Every structure is written in C-alpha cells, then in structure tokens.
2 protein chains.
Amino acid sequence: MDRSDNLPFVVSSTHESPTEMPRYLMLAEALRAAMQDGRLPAGARLASVREAAKQRQVSLNTVLAAYRHLESRGLIEARPQSGYYVRAQLAAPPLPTATVPESEAQPADLVVLNQIAAVLAANQRQDHIDLSLACPKGGDFYPGAKLGKLVHELTRRKPELLTDYCLPPGPLLLRQEICRHAHSLGMELDPAQICLTNGCMEALQLALRAVTRPGDTVGLESPTYFNLLPLLDRLGLKAVEIPTHPETGLAVDAVELLLQEKRLQAIVAMPNVHNPLGCCMPLAAKQRLARLVNDYRVPLIEDALYAELQFDMPLAPAVKAFDRDGWVLVCASYTKTLAPGFRIGWIEAGRFSRDVADLKFCSSVAQPALLAEATGLFLQMGGYEQHLRRLRRLYAAQLDRLRGLLADHFPVGTRATAPQGGFLLWVELPEGCDSALLFRQALQHKISIMPGTLYSPSGRYNRHIRLSGCYPFSERHIKALLQLGELTNKQLG
Amino acid sequence: MDRSDNLPFVVSSTHESPTEMPRYLMLAEALRAAMQDGRLPAGARLASVREAAKQRQVSLNTVLAAYRHLESRGLIEARPQSGYYVRAQLAAPPLPTATVPESEAQPADLVVLNQIAAVLAANQRQDHIDLSLACPKGGDFYPGAKLGKLVHELTRRKPELLTDYCLPPGPLLLRQEICRHAHSLGMELDPAQICLTNGCMEALQLALRAVTRPGDTVGLESPTYFNLLPLLDRLGLKAVEIPTHPETGLAVDAVELLLQEKRLQAIVAMPNVHNPLGCCMPLAAKQRLARLVNDYRVPLIEDALYAELQFDMPLAPAVKAFDRDGWVLVCASYTKTLAPGFRIGWIEAGRFSRDVADLKFCSSVAQPALLAEATGLFLQMGGYEQHLRRLRRLYAAQLDRLRGLLADHFPVGTRATAPQGGFLLWVELPEGCDSALLFRQALQHKISIMPGTLYSPSGRYNRHIRLSGCYPFSERHIKALLQLGELTNKQLG
C-alpha cells in the first residue's frame, strides 16, 4: 500500500532499503528533496514523529534520527510543544572578495552616530517599528517575573543594597557565578579577576583603553559591531578591516599576516555568534588565533556577548579557553541572555586585569549592587540553563520566520546568513540596491533597519542590511517587513 | 535672685541690659565666652529654650534669637528631637601660600591607584574601620525602605523595566525631575539635554573626553578630588594646580591668568561643597568664573556632586546658573544625596550635550531603567527636600562630632576645615607629621584614612588627611579616631 499521497514527503520505498544507505538517511534525503522542489516549503510543519513512523511503517527511532539529521544541517527545527518545521533556506552571502586587509582608515564617526541617533529618536515614537536594534524588548522571552521576585526579596532581606555605596569589585556571588557559567564556553576564570561593568559596551571600552594608546591600530572584523567605530574614533585609534567569512568568521590567515607585519596593536573579534553575521569560528581557527595573539603578544579583545546563545549544544568554546599567557580579554554581559534591563556586564582581562580594574574605578567606579546581586542569585538558583535552552529555540524560530518572510517577499537574489546563534540576520540585497537609501526610505515609513554601511570603517556593505529578530513578531512587524520588501523591490525599478 | 550657678552660661544680668545691646545678643555673647573659656565645651548640650527662658526670666523669643544667632555663626547646631549643641571650633587651615599656578605635571597615576586599591582591599574585611571613603553606608541616613518600596512597586507595575533594553536617553520622568530640582541651585536645564550616567564619575569622565584631546592641559583645584588624577593620566592629559582657598574655593584670579596665557583647554572645579575642603565659592566669584570661561571659550566641568548638601538654605547657586553660552558642563548624581547604591548620575553638557550623548552611547550605552525610574518617582513624590533637610542636619552633626574628637585627641596645632556642607573633613596635622606614613600605620591598625598626597598631582599635602563622616559613628569608629590621634601624636615623638 502506497500512502505517499498522504505524506509530506516521498521515499522510494518504506519497506526495503534499495541501497546500503541507512534507512534514516534515506528518509532525510527524501525530505530534503521535497524541500528543494517546493513540496515542503519553508515554514511547513512536518508530520509528528509518531504519525510519520506509523505512516511509513518505520520505527520511531528511524524518524527521530532523520529529523535530527536534518536539524543538525539547519534544514528543519524543533519548536517546543509544536513539532518540527522546515527552515527557510536562503543562499548565504558570497565569500568576501578581499583577502588582503585594507589600509588603515579612521572610523567614520559622525556618519555612524547620526544614523544611530536617527534610530534612537525614531524609537521614542509609539508607532515606530524597530527591526534594527539588538535591544530585546522581551516580555515573552525573558524571565521578568522571576527577576522581579528576586529584586523584591533582596530589597527586603538586604536593604543595604539600596542605601550602601557599592564598592568594587562588587558582589562575590555574581563573580563566582560568572566563572561557573564560563565553564560552558571552556573558560577557567577566577572571580578575583572579574571586573563588573555597565553592560558589554563598557567592558569593550575599558579593554580598548587598557591596551591601546592614541594613534594605535586595531584589527576589526569586516563587517564588525557598528558601535566600535565611533568608540575607536573617539579614542584616537585607527582601524584595519580583516576579512570575515559569513560562516567561519575572522580570517586567521589575514590576522597572521598583519601580526607578522606588526601592523596591529590590538584585535577585537566575536569568535562565537558574530554580530552581524551570526557565525562561529571553527575550533581549529580559534585555537590558532589564541596561539597567534600569545606568540605575537598582541591583545585580543574577545566579545562573547552572544556566545551563550549558540543554537547547538554543547557550546563551542571561546578563544579565551585557549589563552596561554593572558593576552585574551573576554567581555560579555547578561543583556542579551537574561536581563536586558539590568546592564550587568563583565570583563576578565587576563594580564590586563589590574589595569582594567583601575580604569573602571576612575571611569565609573562600580555597578549598582542590587541588580548585580539579583543576577548572581538567578544564576545560582539553577534556572539559567533551562531559560537559555528556551531562549535559543525562540530565537532560532524567530530567525527562521524572518528568513521565510525574506524569501517570500524580497527580490530574487536576496541572500541572508544562516546564523549559528543569536537573533541577528545579515542580508545582502541584489545588485542595484542601496541600503543607506533604504534606511532613509524605511524611516519615512516608521520602520528602522540598520544599513550595512555602519558595519565597516570604509562604509562598504551598501547592499547589506542587518535585521533583528529580538522582538516577538506581531502583525505590525510582519507588515513592516512586507513594506520593506516592497521598498527594496521598488529600488530595483 | 542670681541663678547663674544652675545655668550652662553666665550673663552679667538677666534682668537689665547694661548697654544698648539687644538682650538676645548679650545672651549670645555670654554663651560664646563660655565656649571660649571651656565652661561650655564642644559637644555640650545647651539648656532647652523653654528651660533657659524660665531660668533667665527672658522670653522664649529672646533665647531662640540668641541660639539662632550662634547657629548662624556655626558655633552651635540644632539636632532634631534633641536640642542645641556646641560645635567644635578648630582653627581653619592657613591660606594656600602659592598664588601663582604650578607648572604642568603628569598626574601621579600609580601612586594614587595603589593607595586606593589598598583602601578597597581593606574595606573587604569585616573588622576594618573606614574613615577614608566618601561612600555612604547609610542604613540610618538614607530612605532605604521607601526606595525599596518604589522598586518593588515598579517591578510589578512595569515588569518591562526588567526585561526591556533601556535605550538612551532613559526615563523622561527622572530627567524632568533632575531639571526641576536643579532650580534649587539656580539652574534652568532642559530634560532633553540631560544625559544619564553611571554615577557622577562617569559624567566627569565623559565630560573630560568630550572637551579634551590627549596632550591638553586641564586646570584642577588644589587640593582636588583624587580620582581625577588617574583619569587625567589615562586620558593623556596634563594638570595645572590652581590655588584653592579652604573657605572661598578656587582662586579666580589665578584662573584668569591661566586663561589669558592660553594654558588651559578645560577646567574641573567643585564650586559648591568642595571635595575635600567642604567650601563654597562666594557668589561674585562664581559669576566671574562663569563669565571668564564663556569669554575665553574654555569649558568648565562643574562637579556639583555635593551641592545639594550645603548646610545653609537657600542653597547657593551653581556656576552653571550663570552660564551664558553653554561652556559649563554640570555633573552630579544621587549617590551622596539619596540612593548610594543606585549609581544614578547625570550631566548637562551645555554646548557639548550632543557630543556627550554620543560618547555615552559608544562607551556604556545606557543606565538600568528600573533604578532610574525609581529615583524619578522618589523625586516626584515630594519627600526629597524633607530627606535632604534631615541629611544635612545629620551630616553637620557628624562633622561636628568629628571635629570635637579631633580637637580633643589630636596633637596641638592640628587644624581642620569648617565645611559648609557634605560630610568630609580636611585636616592639617602639625609640622613634623607625615600623612603618607600615617596612612600606612593606620592600615596596620585596620583603619583607613585618605592621605593628603592623593589630592594633588604634585603629591603635596603630606601633612594633610581627609576624613569622612558619612558613616554613623559607632564606638568602633570613635576608638579608631582615638587610635589615629595616638598614632599622630607618636609621629611627633
């Protein structure tokens, strides 16, 4: 009996494997074919495991293995309490063409700041739709009730957290918990070396000020986190763009060349869940990068802000995990992972730890103890990993939804990253599009996006935009995306 | 009937005024004489108004007027629910001898930072007595219960304050309340120009970064707030010490000379309740200073951290109140006045407002909205002025107690400031004392003080120490002060 008509996928035979291929792989291949020819479009729900096993007369394990195989390839994804869904498959942006680093450039301070100011101003309006910022408004995504309860308990149990000046180094509990959780990224850190900061941005700022002098040159990924550009500019630092692959991250060959030529006084990189690319560097590349910066004694500022939002478990380690002599300064925060409103960041600055602690003291002294203590308690209570697992699934689903909408409503030739974590999407628009123009057009429609030009000191990436999936998608978000697609199509005439 | 034996003061006659001097002034003069010859020592309680009126057979108003007269001269002080007390009268430090500014010096970064690190490390120990830091541990002094209630209400009413990223410029309510309360210091500010910061220290840091470039020279008061020295050093700035009078503050003549000679690119000053001197500049000097920096177009960074803790009402205005063209950047926080644990600071940067907002964004982005909103609510509710009135009385009493203990237990020749606000005392030890040595000796006895050498880039003031009265005095504090007196006496052999 052939029941393939009833099935969302077709395999040649459900009873007998015609080749030596394991049965689960056959099933997976058939599903992949169905996805490619459109019988299983992006967003479609697959049959439940039980249902599929019954229909195909295979074991539950065979179906599960097939689904897991497809999941590991990023082709489908599990959504909690709902089942497996086909993920949108957009082509990845092409490899960067530049293999030799650009000459130094002064970061384009004002351009970046003016556009950020426009986005921030737009966000003050109620009717504005923000598709740009990586700033979660996460009533549904973050454990607000639990955090609120902890804060309340603390104000009663330790009222001195309100009335006492919080001296550095800040609550020991939080610093201990930061170190305990850093194990999941392969890092062995010492609570005494953790400096609490006002979000990850202050950690990056202190790190840069600790390891550079005005006139120094800093290696940046291309594209890079936009806020580094005005920061470098204000610190009197020059930038070198280092090619960065949308799937494998920072080009370590290029780093080695620059180090050999003694052209860098520091490097800033996001080896795990890059902003804006969403990629993670392969393990061997991380190990090599750690070796290089230790051999050449050039500090690497590792931005691990999104590292815990990697979709795959176990988490790939940080470069800091392979730091030999303390040349890696690792920066992170709980802003994207746990409590967007708390601004609890931290840095472990390796051999620069004392320097960074001194700089923190004469730059902003200390962090509010109440929020630091509440964060420490949450981390200690053991619900953090569970929360992260849920958050990763939610963000993976959000990104998939975003990719699906792009595939359906944006011009042919639009490409997008397939992020390995986080909630950001880097989109390449077809030849002929102008993302700086699109940014201005979208603002007129009360929609904000990030134009790609903000992501490099040379202002390249004018066919790219960064979209953020950190807001629960409402009808208004979807309408805004369709409108954005329309504007893009219009640009192509 | 002469009842003077029963009285804590002696007047020539209680019934008839022998001269044309008003009766209340006669009473006041008699009291002053009793204080000078030791019959009324520092700390003694005066008879209650009712008691004194009955004993002296004068009207309640006469006694009240006499007490108020002595209070206005700083000779006695009212303590709530307790009565009037004699304030300790120590000689003020002599005028600074230098009238011409010193040549530029690179601030002594490491010396300062090492000593601060020693103080911070000592503060981690339970058995340590801190007489050094201006970091209130204020269970009795600050409205912890009320603040805790506001925080709790907010976590329930606006849970998004926990889970939403707090974008700049931050809660409007707080910025409005900051401007409303700035009226008490004569300032007309615009909420749109207020940038929230991580305490006053970040405000100072952003201000300095906004108005200077590495290599620039900054005019500092001498003595000055110690944490400015490592900050200037890290920013590659040079410092010029400007003579600062213990009673009238910054020497404006010297400022004018430096401006004429074009030797300054910026000035940092505390015109109201100076740290460490506790003095306020006279009104005319403030007006002249404002005129000068506007005429010469050199930014003045006004540190108004303690300005609301002036003991006398109405508050003397800020220099910012006389700013003509936006050359004054005013920095403050609620750390010393309302919520030491919150780290809610702010800056209104005049013509540099946009610059400072940009710098804040690429330096630490934003402040935690929950604590900012709670502070805004407290300020709106109207209990702030009442709290400040109580806090001023408490700190005035603390300082007086401190001065009394110094007078009784420190070597003859010890001088101290008579602060016009705040909780800091600047003490000059007799010739032959070494405050850097005293600092180390005190640390061995688990007591921390601030050595005077930290308060100038040239390391002068080695006969000075700064003591802090921001902790409610316990038996342990008093024992520590006696021990400090003993150590000082020993130094003199």
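The values are calculated or read from the model by the stated rules, or taken from the named source; none is laboratory data. What you see is a predicted model; the values in this text were computed from it and never measured. Don't worry about glycine lacking a Cβ; one is built from the backbone with ideal geometry, like all the others, and counts go over all protein chains shown.
Screening the stretch B:355-365 for residues that are aliphatic (A, V, I, L, M) and more than 7 Å from chain A (Cβ to nearest Cβ) and picking the one that is farthest from B:L172 (Cα to Cα) gives B:V356.
At pLDDT 95 or above, over 18 Å from A:L424 (Cα atoms) and not basic (K, R), is that true of A:E475? Considered against the rule, which asks whether it is at pLDDT 95 or above, over 18 Å from A:L424 (Cα atoms) and not basic (K, R), A:E475 comes out as no. Screening B:Y142 with (1) more than 25 Å from B:D312 (Cβ to Cβ); (2) facing another protein chain (nearest Cβ under 10 Å); (3) touching a residue at least 24 places away in the same chain (Cβ under 8 Å); (4) touching an Asp or Glu at 6+ places or on another chain (Cβ under 9 Å) gives one miss only, at (1).
Residue by residue, here is whether (1) assigned to a loop (DSSP other than H, G, I, E, B); (2) in contact with a helix residue (DSSP H, G or I) (Cβ under 7 Å, 6 or more places away or on another chain); (3) buried (at least 20 other Cβ atoms within 10 Å of the Cβ) holds:
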{"site": "B:Q380", "(1), (2), (3)": "no, yes, no"}
{"site": "B:L388", "(1), (2), (3)": "no, yes, no"}
{"site": "B:D400", "(1), (2), (3)": "no, no, yes"}
{"site": "B:R403", "(1), (2), (3)": "no, no, yes"}
{"site": "B:V412", "(1), (2), (3)": "yes, no, no"}
{"site": "B:P419", "(1), (2), (3)": "yes, yes, yes"}
{"site": "B:V427", "(1), (2), (3)": "no, yes, yes"}
{"site": "B:E431", "(1), (2), (3)": "yes, no, no"}
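Please indicate, with yes or no, whether at least one residue in the stretch B:391-406 is closer than 22 Å to A:T197 by Cβ and not β-branched (V, I, T). The answer is no, given that none of the residues of the stretch B:391-406 is closer than 22 Å to A:T197 by Cβ and not β-branched (V, I, T). Per the listing A:L437, A:L424, A:L443, the residue uniquely under 30 Å from A:D140 (Cβ atoms) and at pLDDT below 95 is A:L443. Considering every residue within the stretch B:114-126, establish whether at least one is in contact (Cβ under 8 Å) with a residue 12 or more places away in the chain and more than 22 Å from B:Y225 (Cα to Cα). Yes, that holds for at least one residue.
Checking A:V112, A:V63, A:V119, A:V100 one by one, the residue that is over 20 Å from A:R403 (Cα atoms), among the β-branched types (V, I, T), part of a helix (DSSP H, G or I) and at pLDDT below 75 is A:V112 and no other. In the stretch B:319-329, the qualifying residues are those that are in a loop (DSSP other than H, G, I, E, B) and out of contact with any Pro (no Cβ under 8 Å at 6 or more places or on another chain), and the one that is farthest from the other protein chains (Cβ to nearest Cβ) is B:R324. Checked against the criterion of being touching a Pro at 6+ places or on another chain (Cβ under 9 Å) and either assigned by TED's automatic domain parsing to the domain that holds B:P171 or small (G, A, S) (or both), the candidates B:F378, B:F439, B:F423 yield just one match: B:F378. Cβ-Cβ distances below 6 Å connect the following pairs, each with a first residue in the stretch B:276-294 that is in the same structural domain as B:F311 (by TED's automatic domain parsing), a second residue that is of a type in the set (S, T, Y) and assigned to a loop (DSSP other than H, G, I, E, B), and a separation of six or more residues or different chains: B:L277/B:T417; B:G278/B:T417; B:P282/B:T248. Take the residues of the stretch A:240-295 that are of a type in the set (S, T, N, Q) and not in a loop (DSSP other than H, G, I, E, B): which is surrounded by the fewest Cβ atoms within 10 Å (Cβ to Cβ)? Of everything passing the filter in the stretch A:240-295, A:Q260 is surrounded by the fewest Cβ atoms within 10 Å (Cβ to Cβ).
Scanning the stretch A:335-371 for residues that are of a type in the set (A, V, I, L, M, F, W, C), under 28 Å from A:P159 (Cα atoms), touching a helix residue (DSSP H, G or I) at 6+ places or on another chain (Cβ under 7 Å) and assigned to a loop (DSSP other than H, G, I, E, B) turns up A:L338, A:A339, A:F342, A:C362, A:V365. Scanning the stretch B:146-155 for residues that are at the interface with chain A (Cβ under 7 Å from one of its Cβ atoms) and over 13 Å from A:G139 (Cα atoms) returns B:L147, B:G148, B:V151, B:H152.
Looking at the stretch A:156-236, the helices (runs of 4 or more DSSP H) lying wholly inside it that each contain 3 or more residues that are more than 9 Å from chain B (Cβ to nearest Cβ) and either surrounded by fewer than 21 Cβ atoms within 10 Å (Cβ to Cβ) or free of Cβ contacts under 8 Å to residues at least 40 places away in the same chain (or both) sit at A:172-182. The combined condition, being touching a strand residue (DSSP E or B) at 6+ places or on another chain (Cβ under 6 Å), within 14 Å of chain A (Cβ to nearest Cβ) and assigned to a helix (DSSP H, G or I), is not fulfilled by B:A396.
Looking only at the stretch B:335-354, which residues are facing chain A (nearest Cβ under 8 Å) and among the aromatic types (F, W, Y)? Within the stretch B:335-354, just B:F342 meets the criteria.
Quick check: anything in the stretch B:470-487 buried (at least 18 other Cβ atoms within 10 Å of the Cβ) and of a type in the set (S, T, N, Q)? No, there is no match, as no residue in the stretch B:470-487 is buried (at least 18 other Cβ atoms within 10 Å of the Cβ) and of a type in the set (S, T, N, Q).
Across the stretch A:125-139, the qualifying residues are those that are under 29 Å from A:R392 (Cα atoms) and over 22 Å from the mean Cα position of the chain (by Cα), and the one among them that is nearest to the other protein chains (Cβ to nearest Cβ) is A:H128.
Looking at B:A332, B:A316, just one residue is away from chain A (no Cβ under 12 Å) and in a loop (DSSP other than H, G, I, E, B), and that residue is B:A316.
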